[in-house]
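Okay, structure first, notes after.
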Amino acid sequence: MAEPEKDEFTGTMTTGHEWDGIKELDTPMPRWWVWTFYACIVWAIGYMIYYPSWPTLTDHWKGTSGYTDRKALEEELAVRDVERAVWYEKFTSQDINQIAKDNELLNFAMSGGKVIFGENCSACHGSQGSGAPGYPVLADDDWIWGGSLTAIETSIRFGIRSSHDDTRISDMPEFGDDMLEKDDIAEVADYVLALSTGKSDDDANEEGKEVYEEECASCHGEDGEGGRESGAPRLSDGIWLYDGTREAIIKQVTKPSHGVMPTWEDRLDDVSIKQVAIYVHSLGGGE
Ligand code: HEC
Ligand code: HEC
């Protein structure tokens, strides 16, 4: 260990460390660095006094600010509750049509509705409402019971042939049960098939048309346009709740199937029902 000395090239003192004639300079820290360092120490001391910090033998220093994580979280949650209460207030006090006109509420409905749909509806209606035989596609603008916001909300809230007192309900008669002859059923099935492809040539199937007008038109409409009061699907398009084959139509006329959609009033709150109704409405492009 040599004595520290002034280095003749830089004018800086050496530390006295020396290896094979190479000496270590004792370059001082830059001023700004040193002052920043001291400032940090002062700041840290202040911080430790202000906030909870050091452990004591039995507890810990609570800080002069009175801050605790738990209190901070409670405050945050309280703010969120207030915010949410505002949304809830708007959703519950307004009609679904008014809600959909408000862009902010609409966005809130869409994001919430998507999640609610995924959790509660997609099991039957397919993801994004793609549908399955017996479970109507919700992502088109072909509606059995109506595609307005209000109609969709009603379908969801009260269900279809559900256990709710206000459920939508209607039954297609069992024509195979002595109401129509087998031949008549076959004729009318042919007529419906022709209707669905837009090729109904009334003269070609006079009998089928007659049966249709007598037995079916009251629910499904003169031209097969469907009847929403009776939940009778449109037959004049190629969109089928069940199946569009001749056999399927004969089966439906002979011994009809009836879809059941649960009521959601007891399972989802008012806000969620409106959210998911708005989401469903958007899937079909919004009738
Ligand atoms: C258990 C299966 C099932 C679940 C779950 C279900 N649905 Fe349905 N839904 C049906 C069936 C079946 C129909 C068709 C009823 C009929 O034949 O008229 C239907 C019909 C509908 C309709 C009417 C469609 C139209 O064309 O008028 C809407 C809207 C609808 N569902 C929305 C929903 C929403 C939103 C949810 C989730 C909150 C949901 N459904 C959950 C079975 C289900
Ligand atoms: C009282 C009203 C009513 C009458 C009358 C009626 N239907 Fe229906 N029909 C319905 C309803 C309601 C459904 C839908 C069942 C469901 O949602 O599960 C339906 C469904 C159908 C379907 C299935 C449609 C699809 O998209 O899969 C066919 C086909 C059909 N009816 C044909 C007929 C024919 C043909 C007649 C006359 C012989 C007839 N219906 C008479 C109410 C009626």
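The values are calculated or read from the model by the stated rules, or taken from the named source; none is laboratory data. Keep in mind it's a predicted model, so treat the numbers as computed, not measured. Quick reminder, even Gly has a Cβ in these numbers, built from the backbone with ideal geometry, and neighbours come from all protein chains shown.
Report yes if some residue within region 153-166 is within 14 Å of ligand 2 (Cβ to nearest atom), of a type outside the set (K, R), modelled with pLDDT under 95 and touching a Pro at 6+ places or on another chain (Cβ under 9 Å); otherwise report no.
Taking region 153-166 as the starting set, the residues that turn out to be within 14 Å of ligand 2 (Cβ to nearest atom) are 155, 159-162.
Restricting the remaining residues to those that are of a type outside the set (K, R) gives 155, 159-160, 162.
Now narrow it down to the ones that are modelled with pLDDT under 95: none.
Checking region 153-166: not a single residue is within 14 Å of ligand 2 (Cβ to nearest atom), of a type outside the set (K, R), modelled with pLDDT under 95 and touching a Pro at 6+ places or on another chain (Cβ under 9 Å).
More than 9 Å from ligand 2 (Cβ to nearest atom) and either among the hydrophobic types (A, V, I, L, M, F, W, C) or outside the structural domain of T150 (by TED's automatic domain parsing) (or both), is that true of V188? In short, no.
Put simply, of G284, G231 the only residue that is within 12 Å of ligand 1 (Cβ to nearest atom), surrounded by 17 or more Cβ atoms within 10 Å (Cβ to Cβ) and under 25 Å from E104 (Cα atoms) is G284. Across region 114-150, the number of residues qualifying as over 16 Å from G259 (Cβ atoms) and assigned to a helix (DSSP H, G or I) comes to 12.
Only one residue in L241, L180 is in a loop (DSSP other than H, G, I, E, B), under 19 Å from V137 (Cβ atoms) and out of contact with any strand residue (DSSP E or B) (no Cβ under 6 Å at 6 or more places or on another chain), so which one is that? Spell out the reasoning first.
Values: L180 fails: under 19 Å from V137 (Cβ atoms).
Exactly one of L241, L180 is in a loop (DSSP other than H, G, I, E, B), under 19 Å from V137 (Cβ atoms) and out of contact with any strand residue (DSSP E or B) (no Cβ under 6 Å at 6 or more places or on another chain), namely L241.
Looking only at region 206-227, residues that are surrounded by fewer than 19 Cβ atoms within 10 Å (Cβ to Cβ) and either hydroxyl-bearing (S, T, Y) or assigned to a loop (DSSP other than H, G, I, E, B) (or both) come to 5 in all. Taking region 189-205 as the range and being part of a helix (DSSP H, G or I) and not aromatic (F, W, Y) as the test, the residues that pass are A189, D190, V192, L193, A194, L195, S196.
Among residues belonging to region 253-270 that are outside any loop (DSSP other than H, G, I, E, B) and in contact with a Leu (Cβ under 9 Å, 6 or more places away or on another chain), point out the one that is nearest to ligand 1 (Cβ to nearest atom).
Filtering region 253-270 for residues outside any loop (DSSP other than H, G, I, E, B) gives 253-254, 261, 270.
Filter again for in contact with a Leu (Cβ under 9 Å, 6 or more places away or on another chain), leaving 253-254.
Values: V253: 16, T254: 18 Å.
If we take residues in region 253-270 being outside any loop (DSSP other than H, G, I, E, B) and in contact with a Leu (Cβ under 9 Å, 6 or more places away or on another chain), then V253 is nearest to ligand 1 (Cβ to nearest atom).
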